[in-house]
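The values are calculated or read from the model by the stated rules, or taken from the named source; none is laboratory data. In this text, all values refer to a predicted model and were calculated from it rather than measured experimentally. Because the Cβ atoms are built from the backbone with ideal geometry, glycine has one as well, and the counts that use them run over all protein chains shown.
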Amino acid sequence: MKRIIYIFIVVSFCSCMGMQTVTLTEDLPLAHQDSATMNAPTLPVLNFKNGVFYNEKTDISKWVASHGNLSVGKDAGTLSVNLKNVGTDWEQLSIKFQPLNFTDAPILLVKAHVAIGSKDSLKIRIDLIDEDGFMTNYVPQERYIRSRPESKVYKFTYAGNWVQNWPTRKDVNPKSIVEIRINFNGGGPNYTGKLLIDEIVAFDGKKKDANPNNYALYDFSDGTSGWWSANSIVVTGEEVDSKDVMKVVLDGAGPGWEGVGNRFDKAIDFGKTPVLKVRMKADKPGKLRIDINDAKDYSTNANPLILDFAATENYVDLYYNYSNNFKQSWPNNQIVDSTQIKSIKFHVNPPENPAFTGTLLIDDFTLMSIEEYNKLGK
């Protein structure tokens, strides 16, 4: 009889346990906590106030300054950041929020300028920080903000940069970002001036141009990451003439087919926009050849597009019309797939010309439709 009662108690206890809802406690194994919490879905950042962390309608009370020599106010809808001897002590301005998923929108767009009369220019660095306190500092996202009367948009890109390097090497979880932290001249020298921020928004990188037949392929607002060059050519992203530009410094380039190029993350359709406009200026005259390659690395070299450029103080536009030039002749005859363009490469003064030593400043590359191009009467 006692045995029957014992079996009944055990079965009843197990049945009750099976009906209970498991809750996370300190006694629950870590593996269970990981599966329950770390993989739990978080709100996509673009679904959180449309990805807006600051604009003219935003309350500034959640923005917190780390030091007394850094103060924040609101001036006619603009976030006004007053800095006094800021830099050496890594003064910060930050905002915290619920865990957000930045995976599909790994870019911050910051519309800002340094007030006229302030020291030019101010370096700002923006880190994203996850729930565990790990921050995106492996490849610091830094931009120089210039003193000017109007704001411009600066792009901070975190795709492929979800890594912490200091104080220890850790992976940053893009699905649980809880803080945006801005450093000003981090590490010095100290800076005194006023930064005016009109907007801080998350961005998915998708083009939102009003005219899909005429849009910027590259504007270098996020530097020249991904661009490569030959040994006699140095490529940097800089701000010149109040513009974000790609600065190309060449030393005896041409005879060795020295080039500059970029391989796109995703194939680009040139079929509807086969005209490439290059806005640039140079300190010496020369020739610029641009080839584009498809996903199979077939190149538009059957009829190379080579245009002359002059030495000018102002930026000028060069137009490369590939509409009838999606053909390769070397090393064999092939048709280039205009809908699957994967890379771009250009040469200054290719071998049949004198070697070129000088500097090019490229403001942007823009793709245009034939209709838009014909309107220009070129």
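Miscellaneous remarks
- Apart from one condition, Leu250 fits all of (1) of a type in the set (A, V, I, L, M); (2) at pLDDT 95 or above; (3) farther than 30 Å from Asp59 by Cα; (4) under 22 Å from the mean Cα position of the chain (by Cα); the exception is (4).
- Criterion (modelled with pLDDT under 90 and of a type in the set (Gly, Ala, Ser)) met by exactly one of Ser118, Ser229: Ser118
- Residue in region 288-303 that is surrounded by fewer than 18 Cβ atoms within 10 Å (Cβ to Cβ) and in a strand (DSSP E or B) present: no
- Of everything listed in (1) over 25 Å from Phe203 (Cα atoms); (2) in contact with a helix residue (DSSP H, G or I) (Cβ under 6 Å, 6 or more places away or on another chain), the single unmet condition for Phe102 is (1).
- Selection of first residues in region 64-87 that are more than 16 Å from His113 (Cβ to Cβ) and touching a residue at least 24 places away in the same chain (Cβ under 8 Å) and of second residues that are of a type in the set (Lys, Arg) and in a strand (DSSP E or B), restricted to Cβ pairs under 8 Å at least 6 apart or on distinct chains, gives the following pairs, ordered by first then second residue: Val64/Lys96; Leu70/Lys84.
- Residue match in region 117-125 (condition: crowded, with 21+ Cβ neighbours inside 10 Å and in contact with a Gly (Cβ under 9 Å, 6 or more places away or on another chain)): yes
- Residue tally, condition assigned to a loop (DSSP other than H, G, I, E, B), in contact with a strand residue (DSSP E or B) (Cβ under 8 Å, 6 or more places away or on another chain) and modelled with pLDDT of 95 or more, over region 159-184: 7
- Candidates Phe264, Phe203 - the one that is surrounded by fewer than 18 Cβ atoms within 10 Å (Cβ to Cβ), within 27 Å of Leu108 (Cα to Cα) and hydrophobic (A, V, I, L, M, F, W, C): Phe264
- Flag for Lys284 being assigned to a loop (DSSP other than H, G, I, E, B) and among the basic types (Lys, Arg): yes
- Test for Glu91: is it within 19 Å of Pro189 (Cα to Cα) and either of a type in the set (Asp, Glu) or at pLDDT below 95 (or both): yes
- Listing of strands (runs of 3 or more DSSP E) fully contained in region 304-378 that carry 1 or more residues being of a type in the set (A, V, I, L, M) and surrounded by fewer than 14 Cβ atoms within 10 Å (Cβ to Cβ): 306-309, 316-321
Rundown of residues vs (1) touching a strand residue (DSSP E or B) at 6+ places or on another chain (Cβ under 7 Å); (2) farther than 19 Å from Ile200 by Cα; (3) not assigned by TED's automatic domain parsing to the domain that holds Val178, yes/no style:
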site: Val64; (1), (2), (3): yes, no, no
site: His67; (1), (2), (3): no, yes, no
site: Gly87; (1), (2), (3): yes, yes, no
site: Ser121; (1), (2), (3): yes, yes, no
site: Ile124; (1), (2), (3): yes, no, no
site: Val139; (1), (2), (3): no, yes, no
site: Ile145; (1), (2), (3): yes, no, no
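- Check on Arg146, over 22 Å from Lys96 (Cβ atoms) and over 16 Å from the mean Cα position of the chain (by Cα): yes
- Selection of region 214-238 for residues being of a type in the set (Val, Ile, Thr) and surrounded by fewer than 17 Cβ atoms within 10 Å (Cβ to Cβ) yields Val234, Thr236.
- Of all residues in region 239-261, those that are within 30 Å of Glu150 (Cα to Cα) and crowded, with 21+ Cβ neighbours inside 10 Å total 4.
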